[in-house]
Amino acid sequence: MNILHKLKETAVSVFPVMIIVFVLGLTVVPIKPLLLVRFLGGGLLLILGLTVFLLGVDLGIQPMGERCGAELTKKKRLSLLLISAAAIGFIVTAAEPDIQVFGDQVRQQFPIVNKLIFTFVIAGGVGIFITIGLMRTVINLSLKWTLFVSYTILFVIAFFSPASFIGIGFDSGGATTGPMTVPFIMALGLGVSSVRASKNNNSFGLTGISSVGPVLAVLLYAIILNKIDGGALVGIGSGGAAAAATPAAAATPVATPVAPSFGKVIASVFHEALVSIAPLFGLFILFQLTLLHMTARQVVRMIIGFVYSFIGLAVLLIGVYGGFMQAGKVLGEALGTYAFTKGGWWLFLLIITGLLLGAIIVCAEPAVWCLSEQVEQASGGTIRRKSLLVFLSIGTAIAIGLSMLRAVVGFDLKWILVPGYAVSMLLMIFCPDLFTGIAFDSGGVASGPLTSTFVLSFTIGASSGGAGGNDSFGVIALVAMMPLIAIQIMGIIYKIKTSKRDAQIESEHGGENV
């Protein structure tokens with residue numbers, strides 16, 4: 001791996017976001033110089049951390065996942081593979097910091113929710129559906145039918161779920177796909193698929209299938225909780241009512257929040273990074289003693305990879321929490337205040353800014369980098385990572401744009417989610433299997449730490465004065481949904497081009513034979 005080349009690519013991904021914030025912060029919506037300086041420092045740390053993290057993934061996490069998947073499959077004991085997969089899914093998800101933060105956010109709005117139970121419900125959903133995904137690979141079930149049946153069951157359950165929990169349920173699917181778990185889950189699927197030597201491109205789709213589990217589990221939990229609560233599962237201070245009750249709030253300039261000191265950020269982030277990597281490292285030790293039995297040189301290489309991953313993730317998160325997130329919220333609040341008080345082209349600027357940020361920031365997500373590299377390697381270079389990133393950027397841009405539009409007009413989330421997933425199911429009929437797997441994996445990886453911090457903070461700030469009120473739940477759901485459509489459209493285009501090329505080659509060869 002060329003670390004300088006990787007550093008250059010990550011810089012190219014992050015710098016456009018920094019340019020947008022600086023241009024807006026120095027012109028249209030002035031931001032305090034100190035916050036801009038912190039944002040600059042955070043951006044540089046983000047670039048450095050992402051580079052080191054990806055190096056660690058290549059050295060440790062990805063090889064470990066592939067070896068574990070391959071060795072468990074070679075044992076030819078399906079029960080061992082499935083039990084191990086369920087345990088892995090539960091452990092790594094329960095320890096995911098994003099889930100802890102997400103649980104706190106949900107409990108703030110719904111005090112009846114028990115955070116520990118909520119965490120275990122999400123983790124259990126992931127564990128069960130990772131098991132289903134690997135079983136599909138082992139017995140060679142159709143990915144499309146597996147996804148179709150899973151989402152059909154999901155939307156039937158959603159029909160009976162409280163409307164106030166729909167956004168939370170779908171957000172949980174994106175919150176489970178953290179920077180540590182996604183590379184491992186994808187590598188685990190690749191390892192199992194490599195031993196199966198299937199002809200049906202079963203190496204992709206495991207992350208997409210596992211993302212269904214937490215959504216389904218959370219919606220079932222909401223149904224049970226709603227019955228216990230007597231059908232009154234309503235959040236406090238949510239929706240447009242809060243905004244409508246205080247119309248003057250939009251006209252009041254938003255005060256810049258006090259950003260935590262870098263010392264506090266560093267202490268918190270190192271703990272978060274350690275909690276993220278510890279379960280995977282513990283599994284590595286367990287599997288090394290019982291299953292892998294690698295040489296000392298291989299073990300040292302993987303340990304170095306884990307150290308790099310830890311350092312890279314910590315530095316990346318310091319950059320995100322130390323400057324990126326605060327700048328996103330302040331920028332969103334400032335644009336939202338102007339947009340909802342002055343209207344006109346300010347509303348247009350708010351939506352356009354959301355589109356630009358969505359298109360650019362997804363390219364800096366750690367898990368997106370891991371997926372795009374694996375796609376290029378698995379396809380032998382026929383699917384270029386740059387092409388994949390372009391379509392992923394388009395899908396994410398539309399998702400964030402819709403979130404901004406929702407902040408302005410306050411429409412019901414289900415009017416986007418239901419047609420969106422229906423379209424994604426319809427596209428599966430025409431899309432090649434490989435691209436369907438990549439598309440559903442992309443939906444899981446697009447909503448990583450940058451989306452769930454900077455973009456989410458920007459959206460929360462922007463929506464604080466609009467018709468959507470402070471109801472930020474559903475942003476991650478939209479980000480997770482749009483790649484399903486965008487990447488499958490890419491697959492259909494790829495299929496058409498390949499068919500035309502094959503027909504032309506066949507025609508030319510036919511002419512020569514004549």
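Relative contact order of the chain: 24 percent, from C-alpha pairs under 8 Å at least 6 residues apart in sequence.
Rounded to the nearest 20, the size of the Cβ-charge dipole of region 1-143 about its Cα centre is 240 debye, with Lys and Arg at +1 and Asp and Glu at -1. Angle between the Cα long axis of helix 97-109 and the longest principal axis of the chain, 0 to 90 degrees, nearest 10? That works out to roughly 40 degrees. Taking the accessible area of region 365-429, probe 1.4 Å, and keeping the other protein chains in place, the carbon and sulfur fraction comes to 69%.
Between the Cα long axis of helix 181-196 and the first principal axis of the chain there is an angle of about 20°, rounded to the nearest 10. Within straight cross-link reach of residue 115, meaning Cα distance under 28 Å, which lysines are found once same-chain residues fewer than 8 apart are removed? The reachable lysines, counting only those whose Cα sits under 28 Å from residue 115, are 227, 264, 329, 414. Calculate the length of the line joining the C-alpha centroid of region 351-385 to that of region 426-462, in whole Å. Answer, in whole Å: 10. Accessible area per residue for region 32-71, computed on protein heavy atoms with a 1.4 Å probe, is 33 Å².
Remark: the Cα gyration tensor places region 45-112 in the oblate category, a/c being 1.5 or greater and a/b not exceeding b/c.
Hey, what did region 254-403 get for relative contact order, percent, Cα under 8 Å, at least 6 apart? Taking the mean separation of contacting Cα pairs over the length of region 254-403, I get 24 percent.
Taking 0.36 nm per residue of sequence separation and subtracting the Cα-Cα distance, how much length would be gained by fully extending the chain between residue 296 and residue 411, in nm to one decimal? Can you show the working numbers first?
Working: separation 115, 0.36 × 115 = 41.40 nm, distance 5.79 nm.
Result: 35.6 nm gained on full extension.
Based on the mean of other Cβ atoms within 10 Å per residue, sort peptides 436-444, 60-68, 78-86 so the most packed one is first.
Details: 436-444: 30.0, 60-68: 23.8, 78-86: 17.8.
Ranking, from highest mean packing down: 436-444, 60-68, 78-86.
Rounded to the nearest Hz, the phi-derived 3J(HN,Hα) couplings of region 405-411 under the Karplus curve 6.51 cos²θ - 1.76 cosθ + 1.60 (θ = phi - 60°) are 5, 5, 5, 6, 9, x, 7, where x marks glycine and proline.
Scoring 183-191, 366-374, 423-431, 409-417 by mean Cβ neighbours within 10 Å over their residues and listing the highest first yields 183-191, 366-374, 423-431, 409-417. Between residue 194 and residue 100, the contour length at 0.36 nm per residue exceeds the alpha carbon distance by 30.4 nm.
Length gain on complete extension for the stretch residue 503 to residue 32, per 0.36 nm per residue less the alpha carbon to alpha carbon distance?
Working: separation 471, 0.36 × 471 = 169.56 nm, distance 6.01 nm.
Between residue 503 and residue 32, full extension yields an extra 163.5 nm.
With all protein chains kept in place, the per residue accessible area of region 308-355 amounts to 32 square angstrom at a probe of 1.4 angstrom. For the chain, the longest principal axis of the Cα atoms and the long axis of helix 206-228 meet at an angle of about 50 degrees. Atom-type composition of the exposed protein surface of region 1-128 places 71 percent of the accessible area on carbon and sulfur (1.4 angstrom probe).
The values are calculated or read from the model by the stated rules, or taken from the named source; none is laboratory data. Small disclaimer: the values here were computed from a predicted structure and weren't measured. Virtual Cβ from ideal backbone geometry, glycine too; neighbours counted across all protein chains shown. Just the protein is used for accessible areas: all its heavy atoms, side chains included, with ligands, DNA and RNA removed. Shrake-Rupley method; radii C 1.70, N 1.55, O 1.52, S 1.80 Å.
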